[in-house]
Amino acid sequence: MRIVFMGTPEVAAFSLERLFEAPEPVVGVVTQPDRPAGRGQKSIPSPVRRVAESHHVPVLAPEKIRDPAFFNTLSGWTPDLIVVVAFGRILPRQILELAPHGCLNVHYSLLPKYRGAAPVPWAIIGSEEKSGVTTMRLVEKMDAGPIFLQREISIEPNDTTASLQAKLAPVGAELLVETIAGLKAGNLTPQAQEESKVTYAPVLKKEDGLIDWNLPAVSIERRVRGFNPWPSAYTYLAGNLLKIHRARVIEMTEKAAPGEVLKADKEGLWIATGAGALSLEEVQLENRKKLTAREFLNGTRVEKGARL
RNA sequence: CGCGGGGUGGAGCAGCCUGGUAGCUCGCAAGGCUCAUAACCUUGAGGUCCCGGGUUCAAAUCCCGGCCCCGCAA
């Protein structure tokens, strides 16, 4: 079975790496074009491109997904199956219907929950106790295709998007290989998703990270974990951007306005919220390194009663 | 050439503009106090002020070059 792989970021690269160990040949890879990124705006190849090139497989990186020249090359690879993992573009029907086995997608949630671009953060923010990976057939409607296989993993109370993603990546890669084997053997029956249980996980924006101190401390703490490593939960301290990388919920007895500094000493940096208080355990001031509250307070004076 | 901040005892920072004594909050060591403490008091050790040039009587501080770290943006 000839496979074409489409994907872009680290998770996708992980799956691709696993595919190269599987029996079916990967005959071509499609990824997003190199984009200027990072400090200095140097052009950086996507993780998927790097993996593909290290295995000497041809790579396409079309600027426009509907480019006819791209489609011609793609169909010239005569794929039996197209595997799509976090590619980052909506595929036109023409591509969805190109391969005899269609397009197989790996999605990092327990569909039908958390359809969309950012299932992992939203599962954490949504207070879920478990997440997982789903393989399904791609259809035109976003993440709405029939499900092949699904596997659960639990979300731990201290899981961040980074840590959960790291746990999901190998599970997804394994499930992908199993799904391909099942498709080849012809013993998989796709199950339609239950529309009544659908929830959405919209793409994250930088502004989503801005903390609303009126929320309960438990919600803010989940956002701190869900937005780690990106876009990062943040607030403003005396006009300076302050990222919060790790926080802990504290019972608050005293009455204080949300966002007010309750304590800023060797015991910690506590902020009042809409319900309960939040102890900032690890923070980062703009232009500065990530620091524990203790280290941070050694060099930056924060007055009790100040507002964030 | 995307924009910007920074590299100062073990940690985090101030000092730099307006050159001339090395500062603050901690940590560490020793002693004291206390039933007790990430408590408090006393004393102490510890610094090539990123590297290389230059200007100057004198450079952490001003100028030129380099290396490294970080925020924004993407």
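See the values below:
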item: Any chance A:Val302 is β-branched (Val, Ile, Thr), more than 10 Å from RNA strand B (Cβ to nearest atom) and more than 30 Å from A:Ala117 (Cα to Cα); result: yes
item: Selected residue (criterion: farthest from RNA strand B (Cβ to nearest atom)) from residues of segment A:35-59 that are more than 20 Å from the chain's Cα centre (by Cα) and assigned to a loop (DSSP other than H, G, I, E, B); result: A:His56
item: Filter result (touching a residue at least 24 places away in the same chain (Cβ under 8 Å), away from RNA strand B (no atom under 11 Å from the Cβ) and either surrounded by fewer than 18 Cβ atoms within 10 Å (Cβ to Cβ) or in a loop (DSSP other than H, G, I, E, B) (or both)) within segment A:248-258; result: A:Glu251, A:Met252, A:Ala257, A:Pro258
item: Conditions (1) touching a strand residue (DSSP E or B) at 6+ places or on another chain (Cβ under 6 Å); (2) within 6 Å of RNA strand B (Cβ to nearest atom); number of the one not met by A:Lys290; result: (2)
item: Failed item in (1) away from RNA strand B (no atom under 16 Å from the Cβ); (2) in contact (Cβ under 8 Å) with a residue 60 or more places away in the chain; (3) buried (at least 18 other Cβ atoms within 10 Å of the Cβ); (4) under 16 Å from A:Phe14 (Cβ atoms), with A:Gln193 passing the rest; result: (4)
item: Members of segment A:267-289 that are over 17 Å from A:Asp212 (Cβ atoms) and aliphatic (A, V, I, L, M); result: A:Leu269, A:Val283, A:Leu285
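Here's the yes/no breakdown for (1) surrounded by fewer than 16 Cβ atoms within 10 Å (Cβ to Cβ); (2) touching a residue at least 12 places away in the same chain (Cβ under 8 Å); (3) under 30 Å from the mean Cα position of the chain (by Cα):
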{"site": "A:Thr235", "(1), (2), (3)": "no, yes, yes"}
{"site": "A:Arg246", "(1), (2), (3)": "no, yes, yes"}
{"site": "A:Glu260", "(1), (2), (3)": "no, yes, no"}
{"site": "A:Ile271", "(1), (2), (3)": "no, yes, yes"}
{"site": "A:Glu286", "(1), (2), (3)": "yes, yes, yes"}
{"site": "A:Val302", "(1), (2), (3)": "no, yes, no"}
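Each value in this text was obtained by applying a stated rule to the coordinates, not by laboratory testing. Keep in mind that what you see is a predicted model, and the values were worked out from it rather than measured. Note that we place each Cβ from the backbone using ideal geometry, even for glycine, and neighbour counts take in every protein chain shown.
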